[in-house]
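Read the structure below first, then the notes.
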Amino acid sequence: MNLYRFLQASICEICADLAADGLLPADLDLGRITVEPPRDPSHGDVATNAALVLAGPAGRKPRMLATMLAERLLATDGVATVEVAGPGFINLRLTAAFWYARLAEILHAGVAYGDSTLGGGEPVNVEHVSANPTGPLHVGHGRGAVVGDALGALLEKAGFAVTREYYVNDAGAQVDKLARAVYWRYLCALGESIADGVAERYAAQSPPEYGGDYLIAVGESLVASHGDSLVGLDEGNWLATVREAAVAAMMALIAEDLKALGMVFDVISSERALVEDGAVEMTLSRLQERDLIYTGVLEPPKGKLPDDWEPRPQTLFRSTAFGDDVDRPLRKSDGSWTYFASDIAYHLDKHRRGFRVLIDVWGADHGGYVKRMQSAVRAISEGRAELDVKLCQMVNLLDAGQPIKMSKRAGTFITLREVLDRVGRDVFRFIMLTRRNDAPLDFDFEKVTEQSRENPVFYVQYAHARCHSVIRHAEGEFGAEAVTDAALAAADLALLTDPAELDLIKAMAAWPRLVEGAAEAHEPHRIAFYLQDLAGLFHLLWTKGKDDAQLRFVTIADRPLTLARMALVRAIQTVLASGLKVIGVEAVEELR
RNA sequence: GCGCCCGUAGCUCAGUGGAUAGAGCGUCGGCCUCCGGAGCCGAAGGUCGCAGGUUCGAAUCCUGCCGGGCGCGCCA
């Protein structure tokens, strides 16, 4: 349970009671009341601003109102002390029994601890990765993938009905360029079976923009499937065939990368399919009916002009009517749709599938696109849907503090797969969440793989493994049957009296609120930060046991105390596992 | 020039309107030899970029500056 929400409800009840007794106005707005942990722990376990926000509307002095509320709060179950502080804060301390009940709750819930009904089953669509199918994923894609996947898991834990979706941009100019590069590889693969210089001449006339070796195999497979039948044809006669094969091959490549990340998508949407279904025309005609599309000439961008700027009438979407800075073009000069046009159709498609909450995870270089897409979503949903875009900043690869220089041309480009092969999925996923999505992130191969306290992945996984180790130790001393879930559920938790033990219980009791807050803010990195904090508290208590034998988890001479502490350790292990599950990192029982 | 993101301790960064702004690293001063190992305690260190505003209360919201990143019609 979210104890802060629980106490907030209690406070609201008290206000209702006071109103019924004629001591407060009946129609007070209780919405601004917050219940939260005080920043300074010496102020107690929980603080509320209720008296401060109600004082004005109720026509009372804050401290007087606080005193009135405090009196009744003291009678609330689980509340040990209440004091009025500062301008009118009410500080609460909760009883030990309340905290022990939280511990029991964790043991009972298992990794489901922290699950919330906040979302109420509301459908949420999280679109992420959505890399062009033109090559293997790079590290930046990997960051977006992790952010999106963890955000999805977080929202699920908070009670939303999440769909994870990948949008394949398989209709634009980029995939045509890919097809040409593959065609060149195809000519090369035919080698001596065709006339000399055919491949060279093609490359000279149409320099491949995708030069990666990963296209060699695609060219070879075209030879296997089509022989030399594509040679000598006009582009129009082979482009579709080659493009289809190339996109399929690239999607297979990307699927492998995603599999290496341990990632699964619920829906994969194709831009080409949308376009071929006429979804773009349909979408735009709806907007046309509402007079949101017109032909006009855009003002040139202020400041330095693009070299080839010339005023030109274009088909424009009236995005300024929905918060954008300028209206945006929908059609290219060759008559085809802009990416924006098909993306509007795609977002309408998502909305029509029942989503009012849309989340897109993009690279920060697409930041200039956010407003127009949000405008479009407002327009096509007629204000019923809202788009949140999470922009992911750059990942800087380093080795022992030295930046790794990457160049596609020089062939020193490091793919996501290479990183995963080197450090493993768990390390990558965790590190990607050790910064907010909108902050640049340094990824140092040396640091993220070392087994030290400075490495957060190791630090958290070690805490989890250490929990298992401690419990194994207790099993060795008391027998496996002594520390079963049933036995721990029956332990006398009141024996946990050390402040460090209570701190740990309180930290775990904060987990449900953290999940809800992170879910509402769409900020999965908070999970990783929380796990580091919790692991730190556990390591701290463990270390205290080195100096003070009284605090050791396993005390052979005191079975009841050991059992109580095993309950604590099991709970810590459970909450760590619960958080690791959200970010998709394995909760290991042993470190190798 | 315009838009978006960012600016918090020496460094890297947390902090969804609450009280005396936190953590890790680094620095300084003490300890420490292990339930499974990469350690513990303490100290110093801040006009939260600057200036206004809203509020009982602002690192947080609004406005304007300053500095950095990204983007700026027919790429995605």
- Provide, for q = 0.16 Å⁻¹, the log10 of I(q)/I(0) from a solvent-free Debye sum over equal Cα point scatterers in segment A:197-236. -0.48
- So, by mean Cβ neighbours within 10 angstrom, what's the order for A:188-197, A:555-564, A:239-248 with the highest one leading? A:239-248, A:555-564, A:188-197
- Task: Would you mind calculating the gained length between A:Glu590 and A:Val267 on full extension (0.36 nm times residue separation, minus the Cα-Cα distance), in nm to one decimal?
- Result: 112.7 nm
- Looking at the square roots a ≥ b ≥ c of the eigenvalues of the Cα gyration tensor of chain A, which shape do they give, rounded for a/c under 1.5, prolate if a/b is larger than b/c, or oblate? oblate
- What FRET efficiency comes out for the pair A:Gln288/A:Arg453, r = Cβ-Cβ distance, R0 = 45 Å, nearest 0.05? 0.15
- Plugging the Cβ-Cβ distance of A:His366 and A:His108 into 1/(1 + (r/R0)^6) at R0 = 41 Å yields, to the nearest 0.05, a FRET efficiency of 0.35
- Query: For labels at A:Asn396 and A:Ser206 in the simple 7 Å Cα→Cβ model, what's the distance in nm?
  - Reply: 4.1
- Task: Just grab the label-to-label distance for A:Ala557 and A:Trp309, each label 7 Å out from Cα along the Cβ direction, in nm (one decimal).
- Result: 8.5
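Accessible area, 1.4 Å probe, largest first: how do A:Trp184, A:Trp542 sort?
So the residues, ranked largest to smallest area, are A:Trp542, A:Trp184.
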- Cα principal axis extents for segment A:3-94, largest first, Å: 33, 25, 21
- segment A:438-490 shape via C-alpha gyration tensor axes, a/c threshold 1.5: prolate
- Message: Report the Cα centroid-to-centroid distance between segment A:34-66 and segment A:403-455 in angstrom, as an integer.
- Response: 45
- Return one quarter of the surface area of the convex hull spanned by the alpha-carbon atoms of segment A:115-184, equal to its mean projected area, in nm². 5.3
- Per the 1/(1 + (r/R0)^6) rule, R0 = 25 Å and r from the Cβ atoms of A:Thr34 and A:Met64, FRET efficiency to 0.05 is 0.80
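Where only protein heavy atoms count, and the probe is 1.4 Å, what is the accessible area per residue for chain A in Å²?
Solvent-accessible surface per residue comes out at 46 Å².
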- Item | Packing-based ranking, highest mean first, of A:578-586, A:350-358, A:56-64 given that Cβ atoms within 10 Å are counted | A:578-586, A:350-358, A:56-64
- Message: Run the simple label-point estimate for A:Asp277 and A:Ala500 please: 7 Å along Cα→C-beta, distance reported in nm.
- Response: 5.9
- Pairwise Cα inverse-distance average, inverted: Kirkwood Rh of segment A:158-271 (Å): 15.5
- Message: Not counting ligands, DNA or RNA, and with a 1.4 Å probe, what is A:Asp503's accessible surface area in Å² rounded to the nearest 10?
- Response: 80
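Calculate, in nm to one decimal, what A:Ala489 and A:Leu23 gain on full extension: separation in residues at 0.36 nm each, minus their alpha carbon distance.
Gain in length upon complete extension: 163.4 nm.
Going through the cross-link list A:Lys177/A:Lys371; A:Lys177/A:Lys332; A:Lys157/A:Lys350, which pairs have a Cα-Cα distance over 19 Å in this structure?
A:Lys177/A:Lys371; A:Lys157/A:Lys350
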- Item | Proximal charge balance of A:Thr434 [Cβ under 15 Å; K/R count +1, D/E count -1] | -1
- Message: Taking a ≥ b ≥ c as the square roots of the Cα gyration tensor eigenvalues, with a/c under 1.5 meaning rounded and otherwise prolate when a/b beats b/c, else oblate, which class fits segment A:456-583?
- Response: prolate
- For helix A:216-226, what angle does its Cα long axis make with the longest principal axis of chain A, in degrees from 0 to 90 and rounded to 10? 60
- Total charge of the residues flanking A:Gly323 in space, meaning their Cβ is under 13 Å from its Cβ, with Lys and Arg +1 and Asp and Glu -1, is +1
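The values are calculated or read from the model by the stated rules, or taken from the named source; none is laboratory data. If you're wondering where the values come from, they're calculated on a predicted model, not measured in any experiment. As a convention, Cβ positions derive from the backbone with ideal geometry for all residues, glycine included, and neighbour counts pool all protein chains shown. We work out accessible area using only protein heavy atoms, side chains counted, and drop any ligands, DNA or RNA first. Shrake-Rupley method; radii C 1.70, N 1.55, O 1.52, S 1.80 Å.
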